[in-house]
Amino acid sequence: MQTQTQHRSRPALWLLIALCLLLPAARPGAAQSPASGPRHTDWHLTAADFVAGDREGARGVYTSPPHQSPYPFTAVAAHWQATGPVTVALRLSSDALAWSPWYTVTAELEGDRWYAENLIVHQGARWMQARLTLGDAAQLSALTLTAIDAGPGPALAAAQSQTLVPQALGDLPQPPIISRAGWGADESLLDWPPAYAAPRKIILHHTVSGGSDDPPAEVRAIYYYHAVVRGWGDIGYNYLVDKYGNIYEGRAGGPGVVAGHTYGYNTGSVGIGNLGTYTATAPTAEMLAANTALIAWLGSAHAIHPDSTSVFNGLVGPNVTGHRHYAPTQCPGDAFIETLPTLRAAAWSQLRAALPDYRAEYLSHNTPATLLVGQTVAVSHTLRNTGALTWYHQADPIYGTPFHLGYHWYTREG
């Protein structure tokens, strides 16, 4: 995913004038789906909204007046059109008296519009407020806040009772995974045909959302944002994990389905979105334990060594790493990054305990259907090492035993 590129050249004195000239007239948001299910309402901000609010000195910082949504919502996202450096921050409230802290929005460019990577979650919120920080020569032509009501759905206890049927993949049992039906996915929103590729990497994310006390509602809000607001047709992550250690099924299609979590690296990777923000706050022990179990199972199912490195799309790196390894982003946060060495080692320890020392899986060969008298051919065999130890053609001084590849040719009579 991309991050905003900043450019500074001209003084900021004319910014407010440019804002007034470029921004469209105010128009009220409207709920775009029935009250019985997920829905959203848009608040389109204008220059007048910010002039009516507060300006902090001469730093180009403008705060909108508070805005009330027509109904309570689960989360808010921002998207805007701008040139130059623009920083957007949001805060939410249920009564316009007690406000959440200001949350800075991280964004990525899609087409000509910046879209928030993170949702600001505040259960029962009804009010929202925006703050803009405009850098030199910045021009903002549109800013929209989208309030998402995740709709009615299963509470956590009910969701925990609806898990996927365990699939016999690899040597480790599948950890409990709350199904899409379990967290209340509205499948009428699904508009993404599944594609499949053998996973080779596991990429960890944080959702930069609230990590709320109602994780199923938070997952539903992320699903709605990705599928409807962003137009992706489904949720971007393969799996999600909450602070209590629950794992949720993400992208529809099952193991090996290609998701949409890391631009340019989606095919051949598994994306795990961890609910919450881990820039400075460490993930809970329960969240880390769930990630460990999920990574170990994925490693077993897809022959991924959790504590090793390999080449992926021309980039050498760990088999289990953060989003920032593949894109200019802070995801999954400094505090989560610090846990990765321990997380990789713990996942490998779980997987290693289930593997035999030596084992091979025979994948393919290109033996010709006929072999003429006197003809010489080169035959290629493809094998996978599915054991726990590395094969050495020569005896290794530490690990010892070399491997030997054996094969036999049979006549028609066997």
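Annotations for the structure displayed:
- Being surrounded by fewer than 19 Cβ atoms within 10 Å (Cβ to Cβ), in contact with a Leu (Cβ under 8 Å, 6 or more places away or on another chain) and free of Cβ contacts under 8 Å to residues at least 24 places away in the same chain is true of Val377.
- Verdict on Pro328 being farther than 27 Å from Val257 by Cβ and either part of a loop (DSSP other than H, G, I, E, B) or open to solvent by 80 Å² or more (accessible area, probe 1.4 Å) (or both): no
- Output for the stretch 64-87, where each listed residue is at pLDDT below 90, open to solvent by less than 10 Å² (accessible area, probe 1.4 Å) and under 21 Å from Trp127 (Cβ atoms): Ser64
- A single member of Ala280, Ala335, Ala259 is over 19 Å from Val121 (Cβ atoms) and out of contact with any His (no Cβ under 8 Å at 6 or more places or on another chain), and it is Ala259.
- Options Gly260, Gly256, Gly273: the member that is out of contact with any helix residue (DSSP H, G or I) (no Cβ under 7 Å at 6 or more places or on another chain), touching a residue at least 24 places away in the same chain (Cβ under 8 Å) and more than 28 Å from Thr386 (Cα to Cα): Gly260
- Selection from the stretch 172-195 of residues that are under 22 Å from Gly299 (Cβ atoms) and either of a type in the set (Phe, Trp, Tyr) or not in a loop (DSSP other than H, G, I, E, B) (or both): Ile178
- Only listed residue being of a type outside the set (Gly, Ala, Ser), open to solvent by less than 10 Å² (accessible area, probe 1.4 Å) and in contact with a Gly (Cβ under 8 Å, 6 or more places away or on another chain), chosen from Ile148, Ile203: Ile203
- Test: residue in the stretch 89-109 that is of a type in the set (S, T, N, Q) and under 25 Å from Ala327 (Cβ atoms): yes
- Sole exception among (1) assigned to a strand (DSSP E or B); (2) of a type outside the set (Lys, Arg); (3) open to solvent by less than 40 Å² (accessible area, probe 1.4 Å) for Tyr362, by number: (3)
- Subset of the stretch 238-253 (residues that are of a type outside the set (A, V, I, L, M, F, W, C), touching a helix residue (DSSP H, G or I) at 6+ places or on another chain (Cβ under 8 Å) and open to solvent by 10 Å² or more (accessible area, probe 1.4 Å)): Tyr239, Lys243, Tyr244, Gly245, Asn246, Glu249
- Residues in the stretch 165-176 that are at pLDDT 90 or above and either more than 21 Å from the chain's Cα centre (by Cα) or open to solvent by 50 Å² or more (accessible area, probe 1.4 Å) (or both) were compared, and the one that is farthest from Val76 (Cα to Cα) is Asp171.
The values are calculated or read from the model by the stated rules, or taken from the named source; none is laboratory data. It should be emphasised that the depicted structure is a prediction, and the values quoted were computed from it without experimental measurement. Cβ sites come from the backbone with ideal geometry, for glycine too, and all protein chains shown count toward neighbours. Accessible surface is based on the protein model in full, side chains and every heavy atom, while ligands, DNA and RNA are left aside. Shrake-Rupley method; radii C 1.70, N 1.55, O 1.52, S 1.80 Å.
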